[in-house]
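Asker: The structure is given below, and queries will be raised subsequently.
Bear in mind that the values in this text are calculations on the coordinates, not laboratory data. Model, not experiment: these values are computed from the prediction. Note that each Cβ is placed from the backbone with ideal geometry, even for glycine, and that neighbours are counted across all protein chains shown.
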Amino acid sequence: MTEPSPDHAAPVQHAHDFFLARQPILNREQELIGYELLFRNAAFGPANVNDDVSATASVIAHASELGLNNVIGSLHGFINVDATVLMSDFINFLPSDKVVLEILETVKVTPELVRRVTELSRAGYVFALDDVIAESEDIAQLLPLVKIIKIDVMELDPSKLLKLSMHFKRAQKMLLAEKVETVEQFRDCVTFGFDYFQGYYFAKPVILQGKKLEASKIVIMHILTLLVRNVDNGEVVRYIKRDVALSLTLLRLVNTPVYGFMKHIDSLGQALIVLGRRQLKRWLQILLFANTEKDKAHSLSPLLILAATRGKMLELITEKVRPGRRKMSEIAFTVGIMSLVDALFGMRMEAILTQITVSSEIRDALMFRTGFYGEILQLAECTEQPDKTATQMNELLAGLQLSAEEFYDLETQAFEWGNNISTNMGHVPAKKAEEADTSDVSE
């Protein structure tokens, strides 16, 4: 592999000159397998993927500053590249085992470019074709060299989508449906043989009439109510014990590396003491989003990661712009978590808030995205939705008196925290879990 050469690098810019957005990519079981990473130049106006390739190039040149593992964890990062980036030496800064290079639809295929993609493929890089909506001569030339075809489902009616998917399936390519915004679109694409799915559909509520909450979710909601009422630890522990799965999951959480205890925590009473009520409350909020189906108990739940990341990002932003206001940072974390309970419960947010008592400022943030918490929630959502513009983000940051550099640092911390929460949840040995003591602890 050619060593990166500074002579061929893009103009020097730092990662903190950019806004970073990441959008989840799921498999057919709706488990998280990676993220598309989108870099938006803080100086640009409307988001434009083609213009932002220069941003991607500069960030690649400073991959160590980016901290790719912090952003994507153990998953894969899908990154847009154009001909300039592909032909450069500094693309070798990206680890071939961690990224998928998406060749933009605007790239003109030349013999030189085909040779370059061939060379990078031999070096271990995986390629995808981005925004495919039809067959073409350029696509035909690159087809033997790419593994994944990304098809824009918003641009095609079902009959054309089926025809195009069959064509690429015959060529033995993996299919990724992008811009999937509804569960109906997801189901259609599953039927058509798609392997991966990208879009915001999984975080949107599917309203089901007569849906009942799982027993463990009801228990969690009740425990959160007990904590608000400030009952004693013994009563909280006795209620947690009513759900064995919840007890063991909570013990797994407190024993994850992300929390950093030197000693193994092996009882609920001990967990309550060492965690404190504030941390117990946030763990329970995160647990609402954990997979409870036995065959998916250890899989990565995209909704859990999104909720945990939102909560942490809002907390970090609040700590930065409202230093010393611990109560505000606690509320901010709760707002981040609660902003997705409509998707979790399959109920309208308005209906949920009739059953859960919250303050007017939390209600305004969740229902209307207004007030301080509503503004920071909007900012967090900008990191999840690529169609948000740099102009929108700049306006929100200006209102909070946050620089792009400061926000970049906060969002990467939140990404890392969310990744750690999700990947460590199921990693406690079975024997430890079986031996865990859930007995009452005397006060």
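Asker: Sticking to Cα atoms, compute the Rg of the range 84-137 to one decimal and its Dmax as the biggest Cα-Cα distance, whole number, in Å.
Answerer: When restricted to Cα atoms, the range 84-137 yields Rg and Dmax of 11.4, 32 Å.
Asker: How far is it, in nm, from the label point at H167 to the one at M221 when both lie 7 Å from their Cα along the line to the Cβ?
Answerer: For H167 paired with M221, the spin-label model returns 4.9 nm.
Asker: If each of E112 and N70 carries a label point 7 Å out from its Cα toward its Cβ, how far apart are those two points in nm?
Answerer: 3.7 nm
Asker: Still on this structure: Could you list, in their original order, any pairs among K204/K320; K179/K217; K179/K281; K281/K320; K98/K173 whose Cα atoms are separated by more than 25 Å?
Answerer: Details: K204/K320 29 Å; K179/K217 30 Å; K179/K281 35 Å; K281/K320 22 Å; K98/K173 20 Å.
The answer is K204/K320; K179/K217; K179/K281.
Asker: Please sort 29-37, 118-126 by packing, taking for each peptide the average over its residues of neighbouring beta carbons within 10 angstrom, highest first.
Answerer: Values: 29-37: 19.6, 118-126: 15.0.
With the highest mean Cβ count within 10 Å placed first, the list reads 29-37, 118-126.
Asker: Now, a different point. Let me check the size of the range 306-376 from its C-alpha atoms; what are the radius of gyration and Dmax in Å?
Answerer: Every Cα atom of the range 306-376 included, Rg and Dmax give 11.7, 36 Å.
Asker: If each of A351 and M87 carries a label point 7 Å out from its Cα toward its Cβ, how far apart are those two points in nm?
Answerer: 5.7 nm
Asker: Please turn the phi angles of the range 165-171 into ³J(HN,Hα) values with the Karplus equation 6.51 cos²θ - 1.76 cosθ + 1.60 (θ = phi - 60°), one per residue in order, whole Hz, x for glycine and proline.
Answerer: 5, 5, 4, 6, 5, 4, 7
Asker: Sticking with this structure for a sec: Roughly speaking, what % of Cα-Cα pairs in the range 129-168 are separated by over 11 Å, rounded to a whole number? Don't jump to the answer; show the numbers that get you there.
Answerer: On the way: 494 of 780 pairs.
Distances greater than 11 Å cover 63 percent of the Cα pairs.
Asker: Which ³J(HN,Hα) values, rounded to whole Hz and listed in residue order, are derived for the range 309-324 from phi using the Karplus coefficients 6.51, -1.76 and 1.60 in 6.51 cos²θ - 1.76 cosθ + 1.60 with θ = phi - 60°, glycine and proline given as x?
Answerer: In residue order, the calculated couplings are 5, 4, x, 5, 5, 5, 4, 5, 4, 5, 4, 6, 9, 10, x, x Hz.
Asker: Applying 1/(1 + (r/R0)^6) with R0 = 35 Å to the Cβ-Cβ distance of D97 and V183, what FRET efficiency is obtained, to the nearest 0.05?
Answerer: With R0 = 35 Å, the Cβ-Cβ based efficiency is 0.60.
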